[in-house]
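Trainee: Here it is, the structure, as structure tokens.
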Amino acid sequence: MEFARWCVIALALPAAWAAGLSAAHAQDDDGLKTELRVQARSDVRYFVEPPVYEKQHQVYFSQLFQPELNMRWNGGKQLIQATGFIRLDAYDPERTHVDLRELYYQAVFSKWEFSLGFKKIFWGVTESNHLVDVINQSDGLEGFDLEQKLGQPMAHVSFAPSWGTVDLFMMPLFRQMRFPGENGRLRPPFLIDYDHTLYESDAAQKHIDWAARWSHSVGVFDIGLSHFYGTSRLPLFTTSDFVNFVPFYELMHQSGLDLQVSTGPMLWKTEAIYRESERKIIRAVVAGGEYTFSNLFRSGADLGLILEYTYDDRGAESINGLNDDIFVGLRLAVNDVQSTDFLGGFILDDTNGTLRYYAEASRRLDQSLKIGLEVAGFGFVDPSEFLYLIRKDTYVQLSLTGYF
Amino acid sequence: MKIKTRMIRKLSMLSAGLFMVLTSSAQNKGLEIANKAEVADNGWKSYSNTLTMTLTNRNGQQTTRQMHGYFMEVKGDGDKSMTIFDTPADVKGTASMTYTHKVGDDDQWLYLPSIKRVKRISSSNKSGPFMGSEFAFEDLSSQEVEKFTYKYVGEGKANGFDSYMVERYPVSKSSGYKRNVVWFNKANYRPEKIEFYDRKNSLLKTLTFSGYKQYLSKFWRAHKMEMVNHQNGKETLLQFSKMEFGIALTDDDFSQNALKRAR
């Protein structure tokens with residue numbers, strides 16, 4: 001909670017500053033430009049099956065607020081970006097959480113950029129698995145797909161000469177992954193003891209992590225090569241009594257490659273990693289592509305077919321369960337006035353037949369209101385999978401998002 | 001009988017030859033006009049704009065979108081452009097960056113601010129609608145001479161101006177059109193009107209340019225572009241509220257880093 005308090009203070013300061021500027025969209029051509037906006041979302045999540053563990057519910061209500069402040073001056077060459085994240089869950093106090101997704105200062109010189117603060121960095125090209133994306137910790141409270149990320153404190157330098165972009169990162173503080181609490185669904189049956197978390201590094205979460213990446217676009221190719229040295233974002237768990245589990249974070253070196261080849265309607269994508277820790281060496285690759293049938297039957301709609309395969313030699317230890325899995329997905333953009341979109345697919349494990357599926361659809365209701373529907377669930381889950389622990393947690397979620 | 005056939009053959013060969021001469025001169029003249037239009041607009045270097053797009057459906061209901069962008073001329077190739085969406089609120093901050101090429105597909109990236117992800121997207125989608133409007137992507141991308149073949153069809157009036165009428169045929173197979181007819185203003189070669197014919201060669205849309213203003217005493221820019229779809233009865237109006245030329249832009253303003261912080 002120490003951290004949460006810190007976040008609130010850090011968020012309140014720029015907000016107060018912005019309020020002091022007396023206008024949400026104050027604009028001065030030569031000087032400071034300020035933009036403040038808030039996204040508010042209500043979620044209703046219905047779990048198809050009754051609770052598996054005590055204290056769980058079948059229907060969950062939660063609320064999300066995302067205030068965002070952007071201040072630019074000197075023609076946008078200097079800026080402060082702040083994004084807060086406030087989740088209020090009606091039943092699960094653990095899932096009720098506050099985070100600083102972003103709070104950074106950035107200075108831009110023609111080919112150089114320098115930033116300092118909490119940032120979100122995304123690396124990679126594939127859709128079903130994000131192997132090379134290692135900078136930010138996942139927000140395990142937001143979804144078991146681990147797609148949502150926590151803000152990462154860092155110093156970041158980016159240099160963009162004619163031969164690509166070079167990014168260097170220094171990260172002085174590690175953040176733990178957290179999971180839903182006792183009252184929540186999509187959680188393991190055991191309790192996680194975050195107070196006794198173990199780290200391979202003696203500096204614990206104060207170990208300084210480093211990362212570098214070179215990326216470039218040449219013709220049809222978009223390529224990235226990266227290396228990370230520091231505390232692994234994915235926890236391992238240790239236990240002495242099989243009731244309380246203690247997270248353990250090891251140190252690792254991870255080299256990554258991501259490549260996209262865009263040839264007409266076909267996008268070929270691949271990501272590969274080589275990861276080394278004291279304990280073991282891990283190799284993983286995801287490869288596939290997306291083909292888009294645009295303006296389908298002259299309706300204006302675009303239909304994309306996605307096929308990706310993951311091989312990961314950590315096997316069942318891989319937290320997202322992707323180790324020998326095929327992803328088949330379908331993306332539909334109706335391209336109507338309401339921007340109706342659909343994305344859905346399933347993941348099938350070739351070795352043990354574990355099947356899970358996912359679908360989301362959204363549509364704009366008016367200029368500042370959007371409705372969304374999401375389904376995530378499991379068919380057969382093999383007991384060897386990590387997902388076996390949440391196999392009864394198939395859900396349907398309805399969301400309403402307002403923008404202010 | 002023999003003589004007659006030979007004569008007919010000769011005559012038909014002659015007329016075919018004449019026809020070929022005529023078509024090639026019509027093609028030459030069409031290309032010539034398209035080239036003149038390009039020369040007339042050469043050297044604009046850079047500009048920015050702010051625009052409102054109003055979508056009107058068959059029942060007269062209207063929705064608006066706002067966006068702004070900046071553009072840079074690239075010598076020997078297509079232009080570079082950055083477009084940032086301002087409304088509706090759920091797409092605010094989404095930005096797209098395009099490198100247009102004279103030959104082949106354009107390069108296009110999309111920045112999704114919610115996940116901080118830059119995505120290279122397929123630019124082969126030319127015929128699809130832009131933001132649910134009656135403008136297709138190909139109507140809004142930079143109109144390089146090399147993207148069409150041409151045929152001069154005559155003279156006519158558009159918006160009250162004497163114009164050259166030129167038919168153009170898209171080179172790309174993924175275009176949604178069989179042909180367009182463009183009315184180029186005789187005095188300054190700016191487009192006044194374009195008719196779009198679908199793949200079945202029936203009239204699909206008409207685009208009318210108005211509210212022209214001249215910048216840097218050379219470059220004509222329409223402040224209103226109205227697209228009427230004759231087949232579905234929908235309309236889209238683009239209104240440019242702000243246009244600024246001679247802004248300082250370099251290649252650095254069209255990098256992926258620039259795309260990520262585009263506002």
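The values are calculated or read from the model by the stated rules, or taken from the named source; none is laboratory data. Keep in mind the model is a prediction, meaning the values are calculated, not measured. Positions of Cβ are backbone-derived with ideal geometry, glycine not excepted, and every protein chain shown enters the neighbour counts. All accessible areas refer to the heavy atoms of the entire protein, side chains included, with ligands and DNA or RNA removed. Shrake-Rupley method; radii C 1.70, N 1.55, O 1.52, S 1.80 Å.
Trainee: So who's got an amide H within less than 5 Å of the one on A:THR354, skipping anything under 5 residues away but keeping other chains? H placed 1.01 Å off N, in plane.
Mentor: Amide H to amide H, under 5 Å and 5 or more residues apart or across chains, A:THR354 pairs with A:ASP349, A:ASP382.
Trainee: Charges on Cβ only, +1 for Lys and Arg, -1 for Asp and Glu, centred on the Cα centroid of chain A; of A:GLY151, A:LEU355, A:PRO161, which one is farthest towards the dipole's positive end?
Mentor: The Cα lying farthest towards the positive end belongs to A:PRO161.
Trainee: Tell me, what HN-Hα J-couplings in whole Hz come from the Karplus equation 6.51 cos²θ - 1.76 cosθ + 1.60 at θ = phi - 60° for each residue of the range A:152-160, using x for Gly and Pro?
Mentor: 10, x, 6, 10, 10, 10, 10, 10, 10
Trainee: Give me the inter-chain shielding for A:292-301: mean count of other chain Cβ atoms within 10 Å, whole number please. Each step should come with its number before you reach the end.
Mentor: Numbers: counts 5, 1, 9, 9, 1, 0, 8, 2, 10, 2.
Across A:292-301, the average partner-chain Cβ count within 10 Å equals 5.
Trainee: Tell me which residues come under 5 Å, amide H to amide H, from B:LYS102 once H is placed; ignore anything under 5 positions away on its chain.
Mentor: Placed amide hydrogens put B:GLY78 under 5 Å from B:LYS102.
Trainee: Something else about it: Grab the beta carbon distance between A:THR351 and B:LYS173, set R0 = 45 Å, and tell me the FRET efficiency rounded to 0.05. Write down the numbers at each step before the final one.
Mentor: Numbers: r = 42 Å, r/R0 = 0.94.
After rounding to 0.05, the efficiency reads 0.60.
Trainee: If you don't mind, another one. Return the average number of partner chain Cβ atoms within 10 angstrom of each residue Cβ along peptide B:117-127.
Mentor: 6
Trainee: Right, here's the next one. Any idea what the alpha-carbon Rg over 2.2 N^0.38 Å comes to for the range A:261-388?
Mentor: 1.27
Trainee: With a ≥ b ≥ c taken as the square roots of the eigenvalues of the C-alpha gyration tensor of chain A, please select rounded if a/c is under 1.5 and otherwise prolate if a/b is larger than b/c or oblate if it is not?
Mentor: Rounded, since a/c falls under 1.5.
Trainee: With all pairs of different alpha carbon atoms counted, what Kirkwood hydrodynamic radius in Å does the range A:164-248 show? The partial results should precede the final answer.
Mentor: Working: mean 1/r = 0.0642 Å⁻¹.
Hydrodynamic radius (Kirkwood, Cα only) of the range A:164-248 equals 15.6 Å.
Trainee: Classify the range B:123-252 from the C-alpha gyration tensor, please: rounded if a/c falls under 1.5, else prolate or oblate depending on whether a/b exceeds b/c.
Mentor: rounded
Trainee: Among A:VAL218, A:MET171, A:LEU131, pick out the residue whose Cα is farthest towards the positive end of the charge dipole of the range A:94-248, where Lys and Arg carry +1 and Asp and Glu carry -1 on C-beta, about the Cα centre.
Mentor: A:VAL218
Trainee: Continuing with the same structure: Build a GNM of chain A with springs between Cα atoms under 10 Å: which of A:PHE85, A:PHE118, A:PHE297 gets the top mean-square fluctuation?
Mentor: Highest fluctuation of the listed residues: A:PHE297.
Trainee: Roll a 1.4 Å probe over the protein heavy atoms and report the accessible area of A:HIS253 in Å², nearest 10.
Mentor: Roughly 80 Å² of A:HIS253 is accessible to a 1.4 Å probe.
Trainee: Here's something else I'd like to know. Over chain B, calculate the relative contact order: mean separation of alpha carbon pairs under 8 Å at least 6 apart, over the residue count, as a percent.
Mentor: Details: 555 pairs, mean separation 51.1, N = 263.
Dividing the mean separation by the residue count of chain B yields 19 percent.
Trainee: Could you work out the relative contact order of the range A:269-314? I mean the mean sequence separation of Cα pairs under 8 Å and 6+ apart, divided by the number of residues, in percent.
Mentor: Values: 75 pairs, mean separation 16.3, N = 46.
About 35 percent, as a whole number.
Trainee: Below 9 angstrom from the Cβ of A:TYR311, what's the summed charge of the other residues (Lys, Arg +1; Asp, Glu -1)?
Mentor: Numbers: positive: A:ARG283; negative: A:ASP312, A:ASP313, A:ASP324, A:ASP325.
Result for the local shell: -3.
Trainee: Okay, next question. Would you tell me the accessible area of A:SER255, worked out with a 1.4 angstrom probe on the heavy atoms of the protein chains, in Å² to the nearest 10?
Mentor: Surface open to solvent at A:SER255 totals about 50 Å².
Trainee: A follow-up question, please. Which log10 I(q)/I(0) values, to two decimals, does chain B give at q = 0.10, 0.12, 0.15 Å⁻¹ under the Debye formula with one point per Cα?
Mentor: Here the Debye-derived log intensity ratios amount to -0.56, -0.78, -1.20.
Trainee: With solvent modelled as a 1.4 Å probe, how much accessible area in total do chains B and A shield from it at their shared surface, in Å² to the nearest 100?
Mentor: Interface area, both chains combined: 3300 Å², rounded to the nearest 100.
Trainee: Run the reach check for B:LYS200 against lysines, Cα to Cα strictly under 27 Å, same-chain hits fewer than 8 apart removed. What comes back?
Mentor: Of all the lysines, those that pass the test against B:LYS200 - Cα under 27 Å, at least 8 places apart if same chain - are B:LYS29, B:LYS102, B:LYS126, B:LYS147, B:LYS151, B:LYS157, B:LYS173, B:LYS178, B:LYS234.
Trainee: Would you mind giving the mean number of other chain beta-carbons within 10 Å of the Cβ of each residue in A:257-266, as a whole number? Don't jump to the answer; show the numbers that get you there.
Mentor: Working: counts 0, 0, 0, 2, 1, 9, 3, 8, 6, 2.
Average per residue, whole number: 3.
Trainee: At a 1.4 Å probe radius, carbon and sulfur cover how many percent of the accessible area of the range B:28-130?
Mentor: 52
Trainee: Do the alpha carbons of any pairs in A:LYS120/B:LYS45; A:LYS269/B:LYS45; A:LYS269/A:LYS370; A:LYS206/B:LYS116; A:LYS77/B:LYS213; A:LYS33/A:LYS119 sit beyond 28 Å of each other, and which pairs?
Mentor: Those over the limit are A:LYS120/B:LYS45; A:LYS269/B:LYS45; A:LYS269/A:LYS370; A:LYS77/B:LYS213.
Trainee: Would you give the gap between the C-alpha center of the range B:59-119 and the C-alpha center of the range A:81-158, rounded to a whole Å?
Mentor: Taking the Cα centre of the range A:81-158 as reference, the centre of the range B:59-119 is 24 Å away.
Trainee: Something else now. Can you give the helix-only mean residue ellipticity at 222 nm for the protein assembly as shown, where every DSSP H stretch with n ≥ 4 adds -39500 (n - 2.57) and the sum goes over all residues, rounded to the nearest 500 deg cm²/dmol?
Mentor: -3500 deg cm²/dmol
Trainee: Build a GNM of chain B with springs between Cα atoms under 10 Å: which of B:LYS45, B:LYS178, B:LYS75 gets the top mean-square fluctuation?
Mentor: Checking each option, the largest mean-square fluctuation is seen for B:LYS75.
Trainee: Show me, for the range A:304-316, the HN-Hα J-couplings you get by feeding each phi into the Karplus relation (A = 6.51, B = -1.76, C = 1.60, θ = phi - 60°), rounded to Hz, glycine and proline as x.
Mentor: With the stated coefficients, the range A:304-316 comes to x, 10, 10, 9, 9, 10, 10, 10, 9, 7, 7, x, 5 Hz.
Trainee: Counting heavy atoms of the protein chains only and a 1.4 Å probe, report the per residue accessible area for the protein assembly as shown as a whole number of Å².
Mentor: Values: 31250 Å² over 667 residues.
About 47 Å² of surface per residue is accessible.
Trainee: Defining a contact as two alpha carbons under 8 Å apart and six or more residues distant in sequence, what relative contact order in percent does the range B:181-263 show?
Mentor: Computed over the range B:181-263, the figure is 17 percent.
Trainee: Something else: If N is the number of residues in the range A:258-312, what value comes out of its Cα radius of gyration divided by 2.2 N^0.38 Å?
Mentor: On the way: Rg = 16.2 Å, N = 55, 2.2 N^0.38 = 10.1 Å.
Against the empirical 2.2 N^0.38 Å value, I get 1.61 for the range A:258-312.
Trainee: Oh, and also: In chain A, carbon and sulfur make up what percent of the accessible area (probe 1.4 Å)?
Mentor: 63
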